[in-house]
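Engineer: Handing you a structure now.
The values are calculated or read from the model by the stated rules, or taken from the named source; none is laboratory data. This is a predicted model, so every value here is computed, not measured. Positions of Cβ are generated from backbone atoms using ideal geometry, with glycine treated the same way; all protein chains shown enter the neighbour counts. Ligands, DNA and RNA are stripped out before the accessible areas are found, and what is left, the full protein with its side chains, is counted by its heavy atoms. Shrake-Rupley method; radii C 1.70, N 1.55, O 1.52, S 1.80 Å.
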Amino acid sequence: MIRQPATKYTAFPPVRMTDRQWPNRVIERPPVWMSTDLRDGNQALFEPMNADKKMQMFKMLCAIGFKEIEVAFPSASETEFGFVRQLIEGGHIPDDVTIEVLTQAREHLIRRTFEALKGAKKAIVHVYNATCPTFRDTVFNMSKAEVVQMAVEAVQLIKAEAEAMPETEITLEYSPELFTATELDFAKEVCDAVTATWGATPERKVILNLPTTVEIATPNIYADQIEWMHRHLERRDSVIISLHPHNDRGTAVAAAELGLMAGADRVEGCLFGNGERTGNVDLVTLALNMYTQGVHPGLDFSDINAVARTFEHCSQLPIHPRHPYVGDLVFTAFSGSHQDAIKKGFSAQKADEQWAVPYLPIDPADVGRSYDSVIRVNSQSGKGGIAYLMETEHGIVMPRRLQVEFSGVVQKHTDTHGGEVSAGDIWQLFSAAYLDATSPVRYREHHLFEHGHGEDMRQGIRLSVDINGVPHLLTGEGNGPINAAMHALETAGIKVQVRSYEERSMVPMGEDGNARACAIVEMAASGRGETFGVGIDSNIVTASLKAIISGINRLGLAGRAEQAA
Ligand code: KIV
Ligand code: ZN
């Protein structure tokens, strides 16, 4: 960055308030939501939505639960005008939804706006003019009095038009544009003039929308400004204070949250933060932030992927993979320690208890996301994620030391091949390492028999295996099938010790619908170290024998068998 003169940017002066209340407040209820996706969001697109896409978006906004939707700037273009007509004439507006339309404070634009609204049951007419010094002095060359006059005349005309259209219930919304850059006492003066001209009452409230048209200060400054207006506006009981944060500093969500704590009643914004420049406040993040604080937002994002796909289709804008609550990667952990903690958290989480899964601020299921995508494995991952995928996708619960051993196999693969490995890749690696049917020692069949009587009775086995392609029939006895098999294998020169043994039934079942058992045996052989062997079969004993043979292959003991043969 080039060195700037100290005067080029100056910190926004804080509002002179020593008794601000908002820092002590929390958000206890949702605001009135207003989606401006079809107006502020739409006007910021490379290619504004056509009528079909606008209708698709409108229907989705209604389904999410928005009761106020700014649908167009009807005087701006024929498409905008036509869309309002299509909504009204086609009977597309649900009874509990109020459409909103934007107009500048100019006579011909206001009149055209009312033409668009003919036949609507109810509507919010949103009028704005610029009130801040830069616009007064540089853009429009207007005095403060002229700015107030402009707002008042616009409201008088809207009032007259509304009276001439008694079949439509009109609510007035007024925005002092660049509110946050406007002197507070002047913003109040204009807003009070609007409230008085409209004749607002507690039964017929006016919406005063206070936008951060351009976000120029920290969110606490916005909160101060809102609290100041909340405390100083005339006829407060006849006013709905609305927030309209933009995101130039990346703090629109925080600004909206603090603004609500400061006394606002309503929030305007767009899904996923679409809107001019860096966007309007992201209503999805704002709503789900409330949700995770125990306040139901009254908006339904239980199938957030469907909302995201419709949004992307209509706006032609991609959603960032790390976008809060919705990005493709936000319910995914690559880091091994995170995966480990998440896996443990999921195991401990009870359905009816407070959510406490580490690293996940929200239950993915609440927004229609699945647990399956939570754990992804790359070269940074550890055993936790791998174990989770093996358990959830393939029904294999790995003992801890096997997790460590197998994570080395996966790590070697990702180090060589790079990138991410899927649950399917992991299964292939596991099969190749532990279940490989092409290994030198292969199980063919076995027969168990009992030898002796009473307390002297022993378990006998006839074990048929291929060793390097040569069939062997081995016989052994022991205190159980595994012990007997080990003695049988010793007759072929293969001597191993079993360190631990586990066997579980696998969920899900096999493709044939039959239950299967997975045996996991930890084994050692002198001079060969230790490893695990794994066997899967619908017969428990067969699974155990396959596990022992798997371990023999991993220990590289086929050569010893050859020497003995
Ligand atoms: O950002 C803004 O100030 C606006 C107004 C028209 C409300 O969009
Ligand atoms: Zn805006």
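Engineer: Helix 383-394 versus the longest principal axis of the chain: what angle, 0 to 90°, nearest 10, using Cα atoms?
Structural biologist: 80 degrees
Engineer: Further, regarding this structure: Relative to the Cα centre, what is the charge dipole magnitude of the chain, using +1 at the beta carbon of each Lys and Arg, -1 at the beta carbon of each Asp and Glu, and rounding to the nearest 20 debye?
Structural biologist: 1180 debye
Engineer: What's the carbon and sulfur percent of the stretch 268-363's accessible surface, probe 1.4 angstrom, rounded to a whole number?
Structural biologist: 52 percent
Engineer: Could you derive backbone 3J(HN,Hα) for the stretch 307-319 from the dihedral phi with the Karplus parameters 6.51, -1.76 and 1.60 (θ = phi - 60°), listing whole Hz in sequence and x where the residue is Gly or Pro?
Structural biologist: Each residue's phi maps through the Karplus curve to give 4, 5, 5, 5, 4, 5, 5, 6, 8, 6, 10, x, 8 Hz.
Engineer: Tell me, what % of the accessible area of the stretch 407-547 is carbon and sulfur with a 1.4 angstrom probe?
Structural biologist: Heavy-atom surface of the stretch 407-547 belonging to carbon and sulfur, 1.4 Å probe: 48 percent.
Engineer: I would also like to ask the following. Show me, bin by bin at 10 Å from 0, the whole-percent P(r) of the stretch 321-375 based on Cα pairs.
Structural biologist: Pair shares across the bins are 24, 59, 16, 0.
Engineer: Quick check: the angle from helix 144-163's long axis to the longest principal axis of the chain, C-alpha only, nearest 10 degrees?
Structural biologist: 80 degrees
Engineer: Taking Cα pairs under 8 Å and at least six residues apart, what relative contact order does the chain come out at, in percent?
Structural biologist: Dividing the mean separation by the residue count of the chain yields 9 percent.
Engineer: Give the angle, between 0 and 90 degrees and rounded to the nearest 10, that separates the Cα long axis of helix 107-117 from the longest principal axis of the Cα atoms of the chain.
Structural biologist: It is inclined by approximately 50 degrees.
Engineer: Classify the chain: rounded, prolate or oblate, from the alpha-carbon gyration tensor (a ≥ b ≥ c, eigenvalue square roots; a/c under 1.5 rounded; otherwise prolate if a/b is larger than b/c)?
Structural biologist: prolate
Engineer: Cβ under 14 Å from Asp19's Cβ, Asp19 left aside: what net charge do those residues give with Lys, Arg +1 and Asp, Glu -1?
Structural biologist: +2
Engineer: For every other residue with a beta carbon closer than 9 angstrom to the beta carbon of Asn247, add +1 if it is Lys or Arg and -1 if Asp or Glu, then tell me the sum.
Structural biologist: That sum, taken over residues with Cβ under 9 Å, equals -1.
Engineer: Please name whichever of Ile362, Ala341, Phe331 sits farthest to the positive end of the charge dipole of the stretch 321-375, dipole taken about the Cα centre and charges placed at Cβ: Lys and Arg +1, Asp and Glu -1.
Structural biologist: Ala341
Engineer: Work through the residues other than Glu68 whose Cβ is under 9 Å from its Cβ and net out their charges, Lys, Arg +1 and Asp, Glu -1.
Structural biologist: -1
Engineer: Please work out the C-alpha center-to-center distance from the stretch 251-325 to the stretch 167-191 and express it in whole Å.
Structural biologist: What the calculation gives is 24 Å, centre to centre.
Engineer: When the Cα centres of the stretch 402-459 and the stretch 45-87 are compared, how far apart do they sit, in Å?
Structural biologist: So the two Cα centres are separated by 59 Å.
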